[in-house]
Amino acid sequence: MRGTLILALVLAPWLAGGSYGAEPPDVGRTAQSIDKLLASEYGADCWKRPAEDAVLLRRVFLDIIGQPPTPDDVLAYLADPRPDKAERIVEQLLADPAYGTNWARYWRDVMLARRSEPRAVLASRSLERFLADAFNEGRSWGAIAREFITARGDVRENGATAIILAQGGRPEGTVSELSRIFCGIQIQCAQCHDHPTDRWKREQFHQLAAFFPRVAVRPTRNAEQRSFLVTVTDFQFRRRRRPANNNRFRGTLEHRMPDLEHPNDPGTLMEPVFFVTGQSLKQGASDAERREALAEWMTSPDNPWFAKAYVNRMWMEWVGHGFYEPVDDMGPERDVRSPAVLELLARRFTESGYDPKWLVRVITRTRAYRQRSTALAGCGDCSPAIASPQRLRADQLFSAISVALDLDLDRLGPVRRPGVGPGRRGPRAAFANTFGYDPSDPREEITGSIAQALAVMNSRYLTNFLAAGNPRSVVARTLRDYPRDDAAAVDAIYLRFLSRLPTFNESRRAVRAMKTAGSRAEGLEDLAWALANSTEFLYRR
């Protein structure tokens, strides 16, 4: 259990006579610089109440590995007297394989949420595996982005093909998503006309699409399962008619910008040009030349939007609100909050080599992250400076229920048939159908629903695995562990479900309810069920 690991972490430096871990020297200074900039803009009085230890621990666990701490984790952390224990936990969690899995699931949702090809879910397992390995191995965000831009092959084997597959191999859809995800710019608004609210021109959109005309997606099937291949065409097939841009079983050598007034005309041949920097290639360049050049230019420090897009998105995920909102609609003409903080973070992130773990270390050290969370309505116009409560993503909530029940709920679903990919069967996937949302949406637009409330209230997991009659349930085990101590039993349930001990008044009310219930078992079942349906359980505070 992780609690045992934390206890070992607490004791190891004392037993070894040394210090724990090391981190880049600029992490602490960068966090302090951010605090100073935010304080100068919003006033230091916006940071009046640091988060309690247990609340901060649950926040860090959910943000880094996508699940709350166990009771052992909480008790071990509360018992650690050292002032840098938060930094130590961050380092431990960054080394946990669950870190990569959590953020792989986040980016899977980002990349597949706006798919135009429904069958892109076939790539969800390979996409999650590719991203989990990349994050856990410490690959840079630049290297990860390059893989998506240049990907080819079987979508079940190469998860980096997911963005291309999600758009059916169409150049216009692919470059729109690459720009939105990796630059935070929705250039697709310039596909049919000049961008209505930004400087981007229609010609620039189609110059960007000219990096991808030779890419296509075609179905394939072996003896066991069906799949899709992302393929490349670098030579012209003999055809009686000119191939259309959107015949995506085979690519076309060049991209043409359609003539809107004369749609039957061939359109204008476009050279590949990266709209941010103006860097270009000549017509006739091979697919590899085009996509490798775009990958280099898009991830280069010369493109300021690459670092800003990642930093802006991560600040929203970790603190609650971005500098630009929505996080995928940035641009020169967009309003930005705290621009000095964004510029500093983006510059340092670039200097780190686009290291995602470096950014985690910095954000978790800031006072903005470590403050008691405040709803947006309660902090005026200081949203980037104050942590805000956030509804758990579907995967986080599913994992939270697993931790609360002390069960591996992923293993309770039906066995997958050959050819049935992840994200299509199993309890976690079914749960995501009800609780999933697009992580790029503004936080104020992500709200609960009656269907979600009923899904938790009537959850078969809570019904089957909270009942005291089930000897494996946490309620039954708690009753066995504390046969006469109601207060201790209440403490155990609070630790299991909310990752904290109850307040004095909470404990007193719960103990009184247990005594007035039909039985101790019934009273403890009611308490556990109520906590599982509470706002505190459903949100990351």
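Quick notes on this one:
- Computed over region 474-541, Cα set: Rg, Dmax in Å: 11.1, 34
- Where chymotrypsin sites (Phe, Trp or Tyr not before Pro) fall in DSSP loop in region 239-344, at most 15 other Cβ within 10 Å: Phe249
- Amide H within-cut-off set for Phe228, under 5 Å, with H built and near neighbours excluded: Val155, Arg156, Thr220
- With θ taken as phi - 60° and the Karplus curve 6.51 cos²θ - 1.76 cosθ + 1.60 applied, the whole-hertz 3J(HN,Hα) list for region 428-443 is 5, 5, 4, 5, 5, 4, 8, 9, x, 8, 7, x, 7, 5, x, 4 Hz, x standing for glycine and proline.
- Option label - Rg/Rh (Cα atoms, Kirkwood Rh) computed here, alternatives [x] 1.04; [y] 0.95; [z] 1.01: [z]
- In the chain, a dipole from Cβ-located charges (positive for Lys and Arg, negative for Asp and Glu) runs towards its positive end, and of Ala104, Leu524, Gly28 it is Leu524 whose Cα lies farthest in that direction.
- The Kirkwood radius of region 99-298, taken over pairs of alpha-carbon atoms, gives through the Stokes-Einstein law at 4 °C and 1.567 mPa s a diffusion coefficient of 75 µm² s⁻¹.
- Relative packing of peptides 74-81, 228-235, 366-373 - highest average C-beta neighbours within 10 Å first: 366-373, 74-81, 228-235
- Across region 80-191, the volume of the C-alpha convex hull divided among the residues equals 114 Å³ per residue.
- Its Cα gyration tensor gives region 19-114 an equivalent ellipsoid. The semi-axes, each the square root of 5 times an eigenvalue, are 24, 21, 15 Å from largest down.
- Neighbour-count order for Glu147, Glu128, fewest beta carbons within 10 angstrom listed first: Glu147, Glu128
- Our summary gives region 266-401 a relative contact order of 19 percent, counting only alpha carbon pairs under 8 angstrom and 6 or more residues apart.
- Relative contact order for region 394-540, counting Cα pairs under 8 Å that sit 6 or more residues apart, in percent: 20 percent
- With respect to the chain, whose longest principal axis is taken over its alpha-carbon atoms, helix 85-94 is tilted by about 50°.
- When only Cα pairs below 8 angstrom with a gap of at least 6 residues are kept, the chain shows a relative contact order of 16 percent.
- Interatomic Cα distance distribution for region 188-228, bins of 5 angstrom, percent: 6, 20, 17, 11, 10, 9, 10, 8, 6, 3, 0
Just so you know, all these numbers are worked out from the coordinates, no wet-lab data involved. Everything numeric in this text was worked out from a predicted model, so none of it was measured. Glycine gets a Cβ as well: all are built from the backbone with ideal geometry, and neighbour counts include every protein chain shown.
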